[in-house]
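Accompanying notes for the structure given below.
The values are calculated or read from the model by the stated rules, or taken from the named source; none is laboratory data. Since we're looking at a predicted model, the values are computed, not measured. Every residue, glycine among them, receives a Cβ derived from its backbone with ideal geometry; neighbour counts consider all protein chains shown. Please note that ligands, DNA and RNA were not included when accessible areas were found on the heavy atoms of the full protein model with its side chains. Shrake-Rupley method; radii C 1.70, N 1.55, O 1.52, S 1.80 Å.
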Amino acid sequence: VKCQFTGAFLHRKAITKKEGIVCCATVLNPKGNMSIYFRCHHCSTCQRCVLNMDHHCPWISNCVGFGNRKFFMLFLLYIILTLVISVSYELLTLGQEGLKIVEGDLPFTLHTGVRIAGLVTQIAFFFPIAMFFKFSMVFIK
């Protein structure tokens, strides 16, 4: 069955026809009117009706909405925590190694250069993910 508003195929088994309009049953509130419809969005990527949709996330290959926003926010938080821990560890170890290189006790190797490149990449990923996490906190009520 296609939604009459967007033409998207509806994935819910329970489909209601109210006043000649076909829509997902999750869209309707218990009284049966269409007042909650505007909280629902049909994703063009998933071809599904998603209640309180935030966005379609390619990382999890799913839409972020009412049912999984908490898990998505935890996912972002765990990524941020992992980046903070790994960046702190790399800064400590590279700092100690850098002192030995400056003093002349240790030569600069390809391994050290790759670790520095990895540290720069981790820092580059940290800021956009942290800003997206902060932006997504607006939608939590």
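Test of understanding: among 106, 77, 94, which residue is open to solvent by 40 Å² or more (accessible area, probe 1.4 Å) and either in a helix (DSSP H, G or I) or in contact (Cβ under 8 Å) with a residue 24 or more places away in the chain (or both)?
77
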Revision key, fill the gap. All conditions in (1) touching a residue at least 12 places away in the same chain (Cβ under 8 Å); (2) open to solvent by 60 Å² or more (accessible area, probe 1.4 Å); (3) under 30 Å from residue 49 (Cβ atoms) are true of residue 116 except (3)
**Study point:** Residues satisfying the stated conditions in the range 73-96, i.e. more than 30 Å from residue 116 (Cβ to Cβ) and out of contact with any Phe, Trp or Tyr (no Cβ under 9 Å at 6 or more places or on another chain)
**Key:** 74
Practice item. Among the numbered conditions (1) open to solvent by less than 40 Å² (accessible area, probe 1.4 Å); (2) without any contact (Cβ under 8 Å) to a residue 12 or more places away in the chain, tell me where residue 71 comes up short. Key: (1)
Check your understanding: Which pairs do you get when a residue that is at pLDDT 80 or above, found in the range 49-62, comes within reach of a residue that is open to solvent by 40 Å² or more (accessible area, probe 1.4 Å) and hydroxyl-bearing (Ser, Thr, Tyr), reach meaning Cβ atoms under 7 angstrom, with the pair 6+ apart or on two chains?
Key -> 56/45
